[in-house]
Structures are given as structure tokens and as C-alpha cells.
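Comments concern the structure below.
What follows is calculated from the coordinates using simple rules that are stated; it is not laboratory data. This one's a predicted model, so the numbers in the text were calculated from it and none came from an experiment. Quick reminder, even Gly has a Cβ in these numbers, built from the backbone with ideal geometry, and neighbours come from all protein chains shown.
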Amino acid sequence: MSAVLLRVGATAATLLALLWTAGYVAANPKPSAAPLQPSVVVPPMVTPSPAPAPAGRRRLAPSVRETALPAVTVTHVS
Amino acid sequence: MESLRFGALGGSCELYAVEPAEPLEATAAWIALLHRRLTRFDPGSELSGLNAGAGEWVEVSPVLHDLLSEALAAYELSGGLVHVGVLPALIAAGYDRTWSDVHLPLSRPDASRALAPLPELLELRAGEARLAPGAAIDLGGLAKGWVAERAAERLGPNALVSCAGDLMARGPGPDGGGWPVGFGDRTVLLGDMAAATSGTTKRRWGDGLHHLIDPRTGRPSATDVSEASVLARSAVDAEVLAKAALLLGTRAAPAFLEGRALGWALA
């Protein structure tokens with residue numbers, strides 16, 4: 001008799017736990033856009049660039065034009 | 001616009017062309033061939049053969065003969081600062097293997113001294129060259145500029161070539177106003193113009209140890225310029241002027257570059 005009661009009790013506890021967890025998950029959906037906690041600082045992408053030249057260390061002849069176009073490539077140390 | 005990137009001449013090379021006169025792959029193969037001929041790290045290269053034959057007249061190809069002529073001209077243009085005979089000093093400073101093979105700190109430089117004038121170390125006559133006994137040369141950046149110029153010619157009237165950072169531009173570029181390229185902290189439009197950068201920020205293997213030898217001391221340069229970028233009409237001139245500017249430092253470089261360069265940036 002006690003063995004039967006134990007089986008029934010264990011089955012009931014398992015079913016109750018299953019129902020409770022399913023209900024909890026349904027009631028607490030994870031928003032995909034939620035911020036990470038703690039907040040994560042994403043460093044800006046660093047691309048190699050030449051050190052800027054202070055004034056007086058740079059000169060361009062009048063025939064050389066500057067542009068805002070993206071550079072195709074760059075002269076650099078190898 | 002077509003483009004191609006590949007490794008050669010000690011770095012990354014880039015080809016850009018609008019309606020190229022030959023396939024970019026063919027130009028890349030030609031550059032790779034020159035690399036094998038001109039490298040000092042391959043005992044079988046033509047340059048290594050010349051160095052090994054120091055003291056004797058050695059038959060050289062038209063390409064190497066032309067480059068050696070450019071080297072002598074570069075020595076004159078730079079007032080002796082651009083000196084291809086730095087190889088023994090470079091090896092003494094520790095740069096005795098390809099950069100990709102360097103895994104351990106290299107040796108400290110030996111006691112060094114000023115190099116003899118290049119015309120005393122290198123003689124040319126038709127089809128032949130002779131190095132003084134004990135002399136050896138490293139064409140270094142000079143070869144990059146020289147190859148960039150000729151590669152741009154091969155690609156046709158509207159092309160841009162970068163040989164490990166030495167640039168040669170021809171024609172109006174992809175949009176008609178010139179080829180936009182990064183120069184110092186700016187972007188400029190290059191048309192029939194070249195740019196080169198010389199610096200000590202790479203290829204360093206210790207405090208004060210890098211690959212740019214000052215022929216006045218025989219040791220790695222120690223000026224207040226770590227990078228010099230120069231614009232000029234030819235890639236060889238740009239390379240020569242950039243290296244000379246770096247060796248001169250910020251006080252003397254602007255006066256030297258005035259009238260020789262189309263632009264410069266010193267950092």
C-alpha cells in the first residue's frame with residue numbers, strides 16, 4: 001500500500017513540477033532585444049590609420065586635391 | 001574597376017585598374033617574378049648572386065641594371081641618405097632573416113661606422129655591375145617604388161598600384177577626378193602621381209632597433225620622425241624622398257622636401 005502511495009505521490013510531484021515550469025516559461029518570455037546585464041561595453045572597431053601630422057609637419061602642393069571620398073588604398077609603412 | 005590583392009615584396013600588394021590592358025593576374029605574376037629575382041633572402045636570387053660576387057664584375061639583367069642605376073641616382077638625389085649599400089650594417093643590426101621568420105629578439109647592433117659613398121661601392125657598365133669587396137646591397141623600398149611604376153604602366157592608362165604601401169597612380173581613376181588614397185591623416189586624389197611612406201613603426205626588434213639604417217652612422221636611424229609620407233611624380237622619387245625626410249628629422253626635412261615633393265606628412 002505504501003509503495004503504491006509513493007508511486008502516485010512521485011508521479012504527481014513530477015507532473016506538478018512539469019506544469020509549474022511550463023507555466024513559468026510561458027509567463028516569462030525572454031525579450032530578444034533586452035539589454036545584457038550587466039551592460040557590456042563594445043569597443044569601437046579599430047582600423048589602422050596613420051598618426052596625424054601636427055601643423056607644420058604637413059604640406060600639400062596646390063595641384064594636390066583633398067577629397068571626402070573613401071580611399072581606395074593608403075600609403076603605409078611595410 | 002577591377003582589383004586584386006596578393007602578397008609580394010615583403011608586404012601586401014594591390015592592383016586596381018579601369019579597363020586594364022592586361023589581366024591583373026598577369027601583372028601579379030610579373031611582380032612575383034621580380035620579387036624572386038630581387039630578394040636578398042633567397043641565396044638563388046639575382047641580387048644574392050651580385051652580392052656573393054662582390055669584388056668581381058657580374059653580369060646583370062636589364063631589370064637589375066636599371067634598378068642599380070636608380071639606386072645611384074637615389075643616392076645623389078638624397079644627398080647620400082638613401083644608400084642601398086646598407087646591407088652589412090642591416091645584418092649587423094640583426095635583420096638577417098625574412099621578417100616572417102623572426103620569432104626571437106634579434107641581436108644588438110655591433111659597433112658601426114659611416115658607410116662609404118655608394119659610388120665607391122657600386123660600379124656599373126653595360127650589362128654588368130661590380131660591388132666593392134665586402135659590400136652588399138639591399139634594394140628595399142627602392143624596388144617597391146620601381147616595380148609599382150612599371151606595374152601601373154602594364155595595367156594601362158587608368159590604374160593604381162600599391163607595392164607594400166608604395167603607390168603609383170595613372171589616369172583619372174574610377175570616377176574621373178583621380179584615385180582617392182589615404183595620405184597621412186587625409187585622403188587625396190592622385191592622378192599620374194605617386195605616394196610612399198617610410199617609417200620605423202614596423203620591423204622593429206628592440207629598443208632603437210629597426211630596419212632603417214642611417215648611412216652617416218651605420219646604425220638604425222634615431223630622428224624625431226617615425227613616419228614620413230611623400231607625394232611625388234614617380235614612385236621611386238616618393239620612396240627616396242620619404243626615406244631621406246625620415247632620416248633628416250623634422251627640422252631639416254621640410255627645407256629638403258620643398259621643391260622636390262608634391263606633398264608630405266611627417267609624424
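With one equal scatterer per alpha carbon and no solvent term, the Debye-computed log10 I(q)/I(0) for the protein assembly as shown at 0.07, 0.08, 0.12 1/Å reads -0.37, -0.44, -0.86. Dipole magnitude for the stretch B:1-102: about 340 debye, using +1 per Lys or Arg Cβ and -1 per Asp or Glu Cβ, origin at the Cα centre. Partner shielding of B:155-163 amounts to 1, given as the average count of beta-carbon atoms from other chains within 10 Å of each residue beta-carbon. Shielding value for B:252-264 is 2, the average number of Cβ atoms from other chains within 10 Å of each residue's Cβ. Here the alpha carbons of chain B define both size measures, Rg and Dmax, at 17.9, 53 Å. Once each part is reduced to its C-alpha centroid, what is the distance from the stretch B:202-232 to the stretch B:1-53 in angstrom? So the separation of the two Cα centres works out to 25 Å.
Based on the convex hull around the alpha carbon atoms, the stretch B:1-135 presents an average projected area of 10.3 nm². Counting every other Cβ atom within 10 Å of each residue's Cβ, B:Leu24, A:Leu60 order from fewest to most as A:Leu60, B:Leu24. Put a dot 7 Å past the Cα of B:Thr217, heading toward its Cβ, do the same for B:Trp57, and the two dots end up 4.0 nm apart. Within 10 Å of the Cβ of each residue in B:5-17, the mean number of Cβ atoms contributed by other protein chains is 1. Binning all Cα-Cα separations of the stretch B:1-48 at 5 Å, short to long from zero, yields these whole-percent fractions: 5, 22, 25, 19, 14, 9, 5, 1.
Positive end of the dipole of the protein assembly as shown (Cβ unit charges, origin at the Cα centre): among B:Leu139, B:Ala71, B:Leu90, the Cα lying farthest that way belongs to B:Leu90.
Taking the inverse of the mean reciprocal distance over all distinct Cα pairs, the Kirkwood hydrodynamic radius of the stretch B:104-216 comes to 17.2 Å. Count Lys and Arg as plus one, Asp and Glu as minus one, and take only other residues whose Cβ is under 13 Å from that of B:Leu167; the net charge is then -3. Under a model in which nothing but the beta-carbon of Lys, Arg (+1) and Asp, Glu (-1) is charged, the protein assembly as shown shows a dipole of about 1280 debye around its Cα centre.
Not counting the cut sites, what is the longest span of chain B without GluC sites (Glu not before Pro) that DSSP labels loop and that have at most 14 other Cβ atoms within 10 Å? Show your work: numbers first, answer last.
Details: sites that count: B:Glu56, B:Glu258.
So the longest stretch without any such site is B:57-257.
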